[in-house]
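The values are calculated or read from the model by the stated rules, or taken from the named source; none is laboratory data. For clarity, every value in this text was computed on a predicted model and none was experimentally measured. Please note: Cβ atoms are built from the backbone with ideal geometry, for glycine as well, and neighbour counts cover all protein chains shown.
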Amino acid sequence: MRSQYGLTAERVQFYIVARTQQIADDCQPLLEEFKTLTKASGVDIIAERSAVGADIDVCAVTVLGPDLELLLLLKGFGDLAQRELKKARTEREKKQKLLDALIKKRAGPGYAKVPPHVQESDAQLVCYISL
């Protein structure tokens, strides 16, 4: 994750988002090793992304599972954070356009004639994009 952002020499802050107590308990004994191996300035376990506060807008996110994510704080690393923000906004805009198109398609008068498996697939895609 660090090399992906060109931060191989810098000390960075990581946040482990553990949405269940069991995952948090499993991660706790490994924090010091994780910090050493990643050459991090700090590693904190949090329950939700919002616990990072305003800095959440300058974090890179790697989803490791439905209840586990790894955040890398990019704040303070110059234009890198701005590039990532721009990339995230572009991705969000693409998803929003797709979501709008799907909603419009599903609201159309002829959508009732669409095969049920396609309707189900569209519904799942709407739910997935909405996350």
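Given the conditions (1) within 30 Å of E120 (Cα to Cα); (2) at pLDDT 90 or above; (3) within 14 Å of the chain's Cα centre (by Cα); (4) not β-branched (V, I, T), which single one is not true for L71? Every condition holds for L71 apart from (1). Taking the stated definitions as given, is R19 closer than 15 Å to E84 by Cβ, within 19 Å of the chain's Cα centre (by Cα) and among the basic types (K, R)? Here the answer is no, as R19 does not meet what is asked.
Counting the residues of the range 22-58 that are touching a helix residue (DSSP H, G or I) at 6+ places or on another chain (Cβ under 6 Å) and either closer than 21 Å to E10 by Cβ or in a strand (DSSP E or B) (or both) gives 4.
So that you can scan it fast, the table gives a plain yes or no per residue for (1) more than 18 Å from the chain's Cα centre (by Cα); (2) part of a helix (DSSP H, G or I); (3) touching a residue at least 24 places away in the same chain (Cβ under 8 Å):
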{"position": "L85", "(1), (2), (3)": "no, yes, yes"}
{"position": "Q96", "(1), (2), (3)": "no, yes, no"}
{"position": "R106", "(1), (2), (3)": "yes, yes, no"}
{"position": "G110", "(1), (2), (3)": "yes, yes, no"}
{"position": "E120", "(1), (2), (3)": "yes, yes, no"}
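For first residues located in the range 8-21 and over 15 Å from G65 (Cβ atoms), partners that are β-branched (V, I, T) and assigned to a strand (DSSP E or B) and lie 6+ apart or on another chain with Cβ distances below 9 Å form the pairs Q13/V43; F14/V43; Y15/V43; Y15/I45; Y15/I46.
Does D100 qualify as being assigned by TED's automatic domain parsing to the domain that holds T8 and either part of a helix (DSSP H, G or I) or surrounded by 10 or more Cβ atoms within 10 Å (Cβ to Cβ) (or both)? Judged against the criteria, D100 is not a match.
Evaluating V58 against the criteria (1) modelled with pLDDT of 85 or more; (2) touching a Lys or Arg at 6+ places or on another chain (Cβ under 8 Å); (3) aliphatic (A, V, I, L, M) leaves one unmet condition, (1).
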